[in-house]
Amino acid sequence: MDLERPSNVPSATDAELKNSRTPTVGGGMPVIQYWAEHTLSPDGPQIWKTLRHRSACLSCAWGTGGQKGGFANEEGETLQRCAKSVEAIAAELKPAIAPEIFARRRITELQQLTSQEADRLGRLSFPMILRAGSQHYERISWEEVFAIAESAFRKPAERVASYSSGRSSNEAAYLLQLMMRALGSNNLADCSDLCHVPSTTGLKQMFGSGTSMVSLADLKQSDCVVLLGSNAPANQPRLMNELIKLRDRGGKVIIVNPLVEVGLVKFASPAFVKSLLVGSDIASLYLQPIPGSDAALMVGIQKSLLEQGLSQPKYLQNHTEGWEAVVEYAAATDWDAITQTCGISRSEIEAAATTIGTSQRVVFAWSMGITQHDNGVDNVFSIANTALLTGNAGKPGAGTMPVRGHSNVQGFGSMGVTIHLKEEIRAALEKLLDRPLSRVPGYNTHALIAAADSGKIDTLLCLGGNLYAANPDSTQAKRALGNVETIVYLATKPNLGHFHGLARQNTLVIPVFARFENPHKVTTESGNNFVRLSDEGSTHLKEADLISEVEFLTELAHRLHGEAPVRWRELQDTRYVRQLIAKTIPGYEKIGEIDRTKQEFTISNRIFHEPTFATPSGKANMFVTPLPCLSLPTLAEFEVPAQAKGIVLALGTGRSYSQHNTVVYRSGDRYRGMPHRNCILMNAADARKAGLSEHQRVAVRGDRAQLDDVEIIYGQIREGAALMFYPEVNAIFKARVDEKSGIPAYKRVPVAVYALGPVSK
């Protein structure tokens with residue numbers, strides 16, 4: 001195994017790691033055990049039926065399923081379901097929540113539930129409302145649902161907003177934004193505002209397209225992958241199969257992550273017998289930078305590429321603009337400034353540069369460890385600059401590839417659920433609606449909470465998601481949502497937002513079909529720009545009073561807008577929605593024929609195999625990315641008690657292994673050795689420096705609040721950094737915001753970790 005680790009990063013001793021009970025390989029037999037527990041259970045036949053259903057996977061945006069079969073990807077490869085898919089399906093196949101649960105349990109009792117406990121209540125099966133002054137959700141008729149919703153959406157357009165998640169379909173997303181824009185509102189907040197909006201923002205400015213320029217077929221041709229800020233073994237497990245195959249054909253994988261994720265070192269994939277038995281090496285080189293310093297690391301790699309003569313000057317001259325300033329900045333930046341900022345030695349940076357510069361087809365991939373910073377867009381710029389410097393954009397097997405989370409989060413952006421509507425879509429929608437659209441800027445997710453907190457929002461529709469729990473500063477989020485007069489939640493299962501994100505007057509919870517249950521066909525879009533068609537299905541819930549998201553939105557729109565110029569009720573047949581999408585959404589022309597042809601497709605003008613990009617000049621735009629100024633407050637600045645022993649760390653929030661966005665399926669994380677939700681993963685050297693010890697209970701204080709009784713767990717995280725679980729830890733910090741994209745900085749949160757009592761033995 002040719003894994004290299006940074007020599008300058010203090011880590012736990014061998015004895016400490018030996019006693020940590022953390023697995024040394026990701027994936028493996030626990031995945032097989034998980035499959036067996038679910039598919040051999042009494043619900044097993046229904047799970048297998050759903051897995052085989054011709055519908056897109058509910059889990060991550062890596063994508064599988066659709067018309068090629070439930071287990072097939074876009075390349076026709078089979079056995080492409082993972083444990084995350086089983087996890088999501090099993091959760092949707094829970095029994096309906098009995099009506100007496102809500103009649104018996106007061107809202108204050110429901111607010112005591114954890115995310116896991118809320119999810120385990122079961123499926124929502126009837127519409128319900130929590131009225132002002134009431135302590136109980138109660139069943140409500142559909143006529144009253146629509147009467148309340150219609151009245152609420154007749155408020156002034158600037159006081160009406162929506163929030164959405166990637167769990168729904170392209171058709172529902174399109175209808176949502178069309179209904180909102182017909183009202184005159186651009187307040188289309190989306191979960192992508194909290195995850196990959198820096199990717200969309202940065203890539204759009206550089207290449208004219210805000211998505212991956214790499215297809216699955218491209219990834220299979222690459223000979224090097226640089227994977228930054230990702231825990232793919234937990235969140236996109238099937239990506240690991242591609243990395244295993246890349247290593248088997250002699251390729252290299254460079255991992256950039258402040259935390260050593262065991263599955264990124266070695267992963268045992270059930271897709272390959274040998275891999276399952278002994279594990280497969282993943283990382284060729286593993287770099288652990290200081291959190292928030294990724295742009296500095298990339299500038300260092302650029303500097304080394306220039307010094308080693310591994311850049312592509314002719315490519316830069318012919319196919320990019322702004323390259324001179326980027327090259328000049330990298331060349332002029334002092335090595336000491338680079339290494340001190342990112343915490344990676346010059347020799348390690350040079351090793352990474354050599355691997356990148358001598359490879360023929362490099363894919364640069366990243367997740368939220370890159371984007372969730374107050375310089376998230378600059379991080380994306382710096383990665384794409386490195387790709388361009390080496391000519392790794394605009395050719396097969398190479399390019400930039402944001403690795404997105406939710407299964408249709410990218411599709412929502414394509415459908416126009418964004419506050420930054422493309423001009424060509426705007427023009428098409430104005431023609432469809434036969435009038436100009438409002439130019440009043442809309443609220444992104446962070447701004448929406450601020451606006452609601454200031455009393456500027458009367459009505460909010462949440463199409464999936466968990467707006468309350470996903471935001472930093474849970475106290476503000478709860479207060480802000482409490483200022484909204486009417487909130488309408490569309491969901492398949494209860495979540496913490498339904499119990500804490502309560503409106504001032506009426507909180508409605510509308511039960512909807514899961515994707516594989518819909519009474520009509522729907523489509524979704526993968527992170528690699530592949531559009532899948534999901535067949536109709538049926539629900540296991542007997543006597544359930546569910547509605548499809550498409551039906552709810554079209555009925556509400558009909559009541560608000562009438563039947564001209566859009567025949568809203570006709571759009572309850574999703575074939576007609578797809579025809580509108582084909583006419584108004586660039587790259588989606590083929591969706592108009594998909595019902596007839598059943599031919600799923602890759603969206604046009606996004607995968608670049610030639611260095612001619614979707615910018616006005618056809619050239620990529622490069623941007624200088626300054627080294628970030630990273631500092632932490634002192635312990636005294638947190639106003640901890642004078643007698644406390646502690647340390648200030650850069651905390652990153654993260655999901656556990658068995659978690660999907662804010663939904664927790666299992667409490668702990670065996671791959672990180674974290675047995676429950678109230679843990680902090682930190683470097684043993686940091687604990688010793690502060691006079692603390694493993695398993696000691698401490699307080700963790702942010703700039704908003706404090707969590708107590710937090711257990712210290714040692715892990716292979718770089719010194720000065722720490723990890724706690726999202727969404728629980730969101731309660732303690734406000735988060736800085738990236739001015740270029742509006743994303744909160746979840747991955748570098750200054751916290752004080754301290755204890756008052758003696759060190760436990």
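The values are calculated or read from the model by the stated rules, or taken from the named source; none is laboratory data. Keep in mind it's a predicted model, so treat the numbers as computed, not measured. Note that we place each Cβ from the backbone using ideal geometry, even for glycine, and neighbour counts take in every protein chain shown. Surface accessibility is based on the protein's heavy atoms, side chains included, excluding ligands, DNA and RNA. Shrake-Rupley method; radii C 1.70, N 1.55, O 1.52, S 1.80 Å.
Key figures for this structure:
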| item | result |
| --- | --- |
| Only listed residue being part of a helix (DSSP H, G or I), open to solvent by less than 10 Å² (accessible area, probe 1.4 Å), farther than 26 Å from residue 287 by Cα and small (Gly, Ala, Ser), chosen from 161, 172 | 172 |
| The lone exception for residue 231 - which of (1) at negative phi; (2) open to solvent by 20 Å² or more (accessible area, probe 1.4 Å); (3) more than 22 Å from the chain's Cα centre (by Cα) it fails | (3) |
| In region 536-566, the residues that are in contact (Cβ under 8 Å) with a residue 60 or more places away in the chain, part of a helix (DSSP H, G or I) and either at positive phi or not charged (D, E, K, R) (or both) | 550, 552, 553, 554, 556, 557, 560, 561 |
| Residue 244 being in contact with a helix residue (DSSP H, G or I) (Cβ under 7 Å, 6 or more places away or on another chain) and free of Cβ contacts under 8 Å to residues at least 40 places away in the same chain | yes |
| First in region 198-216 and on the phi > 0 side of the Ramachandran plot, second anywhere and modelled with pLDDT of 95 or more, Cβ under 9 Å, 6 or more apart | 208/605; 208/613; 208/614; 208/615; 208/616; 208/618; 208/620; 208/621 |
| Residue in region 135-144 that is in contact with a strand residue (DSSP E or B) (Cβ under 8 Å, 6 or more places away or on another chain), over 30 Å from residue 255 (Cβ atoms), part of a helix (DSSP H, G or I) and among the aromatic types (Phe, Trp, Tyr) present | yes |
| Filter result (open to solvent by less than 10 Å² (accessible area, probe 1.4 Å), within 18 Å of residue 528 (Cβ to Cβ) and in contact with a Lys or Arg (Cβ under 9 Å, 6 or more places away or on another chain)) within region 64-84 | 64, 65, 66, 73 |
| Region 403-424, subset charged (D, E, K, R) and more than 16 Å from the chain's Cα centre (by Cα), residue farthest from residue 587 (Cα to Cα) | 423 |
| Number of positions in region 372-406 that are more than 11 Å from residue 213 (Cβ to Cβ) and of a type in the set (A, V, I, L, M, F, W, C) | 7 |
| So residue 419, is it open to solvent by 10 Å² or more (accessible area, probe 1.4 Å), under 23 Å from residue 186 (Cβ atoms) and β-branched (Val, Ile, Thr) | yes |
| Residue 505 vs. criteria under 23 Å from residue 428 (Cα atoms) and open to solvent by 10 Å² or more (accessible area, probe 1.4 Å) | no |
| Filter pass, residue 150 being among the acidic types (Asp, Glu), part of a helix (DSSP H, G or I) and out of contact with any helix residue (DSSP H, G or I) (no Cβ under 8 Å at 6 or more places or on another chain) | no |
| Helices (runs of 4 or more DSSP H) completely within region 436-506 that count 2 or more residues being touching a residue at least 40 places away in the same chain (Cβ under 8 Å) and more than 20 Å from residue 159 (Cβ to Cβ) | 467-470, 474-482, 496-500 |
| Subset tally (residues that are part of a loop (DSSP other than H, G, I, E, B) and among the small types (Gly, Ala, Ser)) for region 567-625 | 5 |
| Region 85-114, residues that are in a helix (DSSP H, G or I), surrounded by fewer than 19 Cβ atoms within 10 Å (Cβ to Cβ), touching a residue at least 40 places away in the same chain (Cβ under 8 Å) and among the aliphatic types (A, V, I, L, M) | 107 |
| Residue match in region 115-124 (condition: open to solvent by 50 Å² or more (accessible area, probe 1.4 Å), assigned to a loop (DSSP other than H, G, I, E, B) and either in contact (Cβ under 8 Å) with a residue 60 or more places away in the chain or under 22 Å from residue 555 (Cβ atoms) (or both)) | no |
| Conditions (1) of a type outside the set (Ser, Thr, Tyr); (2) at pLDDT 95 or above; (3) touching a His at 6+ places or on another chain (Cβ under 7 Å); number of the one not met by residue 668 | (2) |
| Meets criteria (over 30 Å from residue 102 (Cβ atoms) and assigned to a strand (DSSP E or B)) for residue 531 | yes |
| Counted residues, region 577-593 - those being closer than 17 Å to residue 522 by Cβ and surrounded by 15 or more Cβ atoms within 10 Å (Cβ to Cβ) | 11 |
| Region 72-120, residues that are in contact with a helix residue (DSSP H, G or I) (Cβ under 7 Å, 6 or more places away or on another chain) and β-branched (Val, Ile, Thr) | 86, 89, 107 |
| Output for region 178-194, where each listed residue is buried (at least 24 other Cβ atoms within 10 Å of the Cβ) and either touching a residue at least 24 places away in the same chain (Cβ under 8 Å) or under 19 Å from the mean Cα position of the chain (by Cα) (or both) | 178, 185, 187, 188, 189, 190, 191, 192, 193, 194 |
| Verdict on residue 700 being over 29 Å from residue 344 (Cβ atoms), open to solvent by less than 10 Å² (accessible area, probe 1.4 Å) and of a type in the set (A, V, I, L, M) | no |
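Yes/no matrix, rows are residues, columns are (1) buried (at least 24 other Cβ atoms within 10 Å of the Cβ); (2) of a type in the set (A, V, I, L, M, F, W, C); (3) farther than 17 Å from residue 654 by Cα:
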| position | (1), (2), (3) |
| --- | --- |
| 204 | no, no, yes |
| 208 | no, no, yes |
| 211 | yes, no, yes |
| 226 | yes, yes, yes |
| 241 | no, no, yes |
| 251 | no, no, yes |
| 260 | no, yes, no |
